[in-house]
Amino acid sequence: GFAVAVDYAHERAARPPFGTLTGFREGREVRPVPDGSRDLTAHVAMDACAAAAGPGSGLLTQREALRALGLDARRPPLALASTDPTAYVHALSAAGEAAELTDPAGLGAFTWLLHTVDLPYDVLRP
């Protein structure tokens with residue numbers, strides 16, 4: 001099997017010297033005081049997680065992972081608009097959603113940490 005962790009992540013070398021612990025309350029960043037009045041979070045250095053997880057672990061972008069899983073962001077054939085307009089609109093919507101999820105300048109740049117057990121790590125490699 002395998003486990004996947006997904007994060008917008010940074011690399012260990014880019015970690016700020018005093019860490020990344022912060023707080024959020026009502027959508028705004030606030031001091032990270034553990035008093036129950038705010039959510040606490042820290043940014044994840046996924047390369048450090050992969051190194052700690054050991055053999056069978058590796059990183060790939062969300063774009064790479066979703067494409068390997070078969071997500072297709074290509075537009076449907078224009079001819080479909082004439083023969084089945086409803087299907088065309090649904091397919092066009094799905095293509096737009098797929099494009100957003102795989103955009104290398106946006107969500108497609110998210111990092112996936114994949115840890116496999118009894119499977120090759122490259123199970124999600126094209």
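None of the figures in this text is laboratory data; all of them are computed from the coordinates on show. What you are looking at is a predicted structure, and each value in this text was computed from that prediction instead of being measured. As a convention, Cβ positions derive from the backbone with ideal geometry for all residues, glycine included, and neighbour counts pool all protein chains shown.
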Dipole size in debye (nearest 20) for the chain around its Cα centre, Lys and Arg Cβ +1, Asp and Glu Cβ -1?
220
Treating every alpha carbon of the range 53-126 as one equal point scatterer without solvent, the Debye formula yields log10 I(q)/I(0) values at q = 0.11, 0.19, 0.25 Å⁻¹ of -0.38, -0.78, -1.03
Give me S93, S57 ranked fewest to most by other Cβ atoms within 10 Å of their Cβ, as a rough exposure proxy.
S93, S57
One finds, for R74 and D35 with R0 = 41 angstrom and r their Cβ-Cβ distance, a FRET efficiency to the nearest 0.05 of 0.25
Report the residue, chosen from G108, G23, G58, that carries the largest GNM mean-square fluctuation when the chain is represented by alpha-carbon nodes joined by springs under 10 Å.
G23
Charges on Cβ only, +1 for Lys and Arg, -1 for Asp and Glu, centred on the Cα centroid of the chain; of T20, P85, G54, which one is farthest towards the dipole's positive end?
T20
Net lengthening on full extension, T86/A3 (0.36 nm per residue, minus Cα-Cα)
26.2 nm
Specify the angular offset, from 0 to 90 degrees and rounded to the nearest 10, of the alpha carbon long axis of helix 85-102 from the longest principal axis of the alpha carbons in the chain.
30
Once every DSSP H run of n ≥ 4 in the chain is given -39500 (n - 2.57) and the sum is divided by its residues, what mean residue ellipticity at 222 nm do you get, rounded to the nearest 500 deg cm²/dmol?
-8500 deg cm²/dmol
